[in-house]
1. Working out 0.36 nm times the residue gap between R110 and R233, then minus their Cα-Cα distance, what length gain in nm do you get to one decimal?
2. Defining a contact as two alpha carbons under 8 Å apart and six or more residues distant in sequence, what relative contact order in percent does the chain show?
3. What number comes out for the charge environment of S8, summing +1 per Lys or Arg and -1 per Asp or Glu over other residues with Cβ under 15 Å away?
4. Kindly report the accessible area of region 140-211 per residue (heavy atoms of protein chains, probe 1.4 Å, no ligands, DNA or RNA), in Å².
5. Using the Cα centre of the chain as origin and beta-carbon charges of +1 (Lys, Arg) and -1 (Asp, Glu), tell me which of G343, I361, V129 is placed farthest towards the positive end of the dipole.
6. How big is the charge dipole of region 140-225 about its Cα centre, in debye rounded to the nearest 20, if each Lys and Arg gets +1 on its Cβ and each Asp and Glu gets -1 on its Cβ?
7. If you take every residue apart from Y231 with its C-beta less than 11 Å away from the C-beta of Y231, what net charge results, scoring Lys and Arg +1 and Asp and Glu -1?
8. Can you tell me the accessible area per residue over region 244-374, all protein chains present, probe 1.4 angstrom, in square angstrom?
Amino acid sequence: MRVIGLMSGTSYDAIDAAAADLRLEGDRLVLTPLGLLSQPYSPSLRAAIAGSLPPASVSLEEVCRLDTGIGQAFAEVARQAVEQLCGGAADLVVSHGQTVFHWVEGGAVRGTLQLGQPAWIAEATGTTVVSDLRARDVAAGGQGAPLVSILDVLWLRGRPGVPIALNLGGIANVTVVHGEPVAFDTGPANALIDAVVQELTGQPFDADGAMAGRGRVHGELLERLLAEPYYGRSAPKSTGKELFNLAYVARALEGLGEIPPDDLVATVTALTARTVADAVRRYGGTEVIASGGGIRNPVLMHQLASELGSVPVRSTDELGLPSAAKEAYAFAVLGFLTVHGLGGTVPSCTGARHSSVLGSITPGARGLPVAGRDARPPVSLTIE
């Protein structure tokens with residue numbers, strides 16, 4: 001089955017599309033990457049998304065406009081992916097949409113909202129769409145995240161030691177693939193770095209880690225940031241920009257006096273490295289296999305390597321899965337499982353009572369894709 005996964009993360013900088021041929025061979029899932037493309041949001045739509053995120057207040061009219069605008073943007077990227085990556089025909093499109101709110105109270109997730117109306121994708125491509133993949137896990141008592149954990153577990157199970165998959169998006173998450181697997185958000189990855197850089201310079205991110213590289217870590221500020229109770233909570237847990245935003249940094253800065261911009265960026269970069277490394281150490285990780293936009297920040301990766309010492313940090317590219325599109329490929333896998341009637345979650349990773357078939361299905365022009373009968377839940381994943 002030829003499947004396109006669409007993903008826009010908490011950094012909301014671009015929509016990624018990854019195409020793959022997916023097939024089940026007994027209890028083994030085989031993924032053949034077909035390529036990827038990425039399309040930035042238009043400046044106006046990106047600004048509208050930024051203006052809708054906490055602590056902002058928005059009207060239902062604005063939510064409706066965003067749902068349509070994001071859906072149309074995803075539809076255009078899906079259309080390009082069908083033509084450029086799939087030779088003009090795909091069997092399924094799987095859309096994560098854009099997370100605009102992740103409702104957490106007392107460590108429990110009460111709801112999660114991803115916008116991007118899938119009907120626009122189905123209409124533009126004629127292809128069946130699976131969307132809204134997080135809500136079912138939340139309804140089953142889970143965190144709704146990290147959903148990528150099923151790919152991590154299927155793919156990395158059997159490697160020696162305690163491999164830990166790491167995604168450095170806006171929020172950092174890990175999957176510990178050992179015994180009964182565990183997955184959770186460790187805290188901010190690029191979210192705070194990007195927010196601070198944009199506030200200080202107007203630029204969207206710290207290109208090549210230049211500001212962090214020039215700066216010095218402010219020890220007291222770092223300790224204040226590390227005092228956030230979220231870091232000490234037990235897994236499974238999830239978070240977002242509802243917590244890790246400029247207000248969190250502003251509270252930590254109270255009474256510290258003026259801190260040079262480069263030092264501030266260096267400090268929030270060190271926060272990401274420290275909190276990720278703490279999670280790896282807590283679970284005895286013997287290797288870290290990283291993906292996400294954060295791996296392109298050499299200062300962040302150097303700090304993380306320094307924190308971890310002898311624990312090697314490598315990218316998913318080294319194991320055959322393009323790091324820039326890992327999450328998009330993960331959602332392609334989730335949608336493939338959905339149309340086969342198979343569960344898409346690992347309960348020990350999300351905290352759900354059971355594994356669930358995820359998402360909602362919007363039929364394409366040719367109806368639903370034909371899935372194999374008597375499909376068995378996969379126990380491993382191979383990249384070919």
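The values are calculated or read from the model by the stated rules, or taken from the named source; none is laboratory data. None of these values were measured; they are calculated from a predicted model. Every residue, glycine among them, receives a Cβ derived from its backbone with ideal geometry; neighbour counts consider all protein chains shown. Keep in mind that these areas ignore ligands, DNA and RNA; they rest on the heavy atoms of the full protein, side chains included. Shrake-Rupley method; radii C 1.70, N 1.55, O 1.52, S 1.80 Å.
1. On the way: separation 123, 0.36 × 123 = 44.28 nm, distance 1.74 nm.
Taking R110 through R233 to full extension adds about 42.5 nm, to one decimal.
2. Details: 855 pairs, mean separation 93.7, N = 384.
Computed value for the chain: 24 percent relative contact order.
3. Values: positive: R46, R134, K241, K326; negative: D13, D16, D67, E76, D132, D194, E327.
It works out to a net charge of -3.
4. On the way: 2140 Å² over 72 residues.
Accessible area per residue, region 140-211: 30 Å².
5. G343
6. Values: 5 positive and 9 negative charges, 48 e Å.
My answer is approximately 240 debye.
7. Taking every other residue near Y231 into account, the sum is +1.
8. Working: 5340 Å² over 131 residues.
Dividing the accessible area of region 244-374 by its residue count gives 41 Å².
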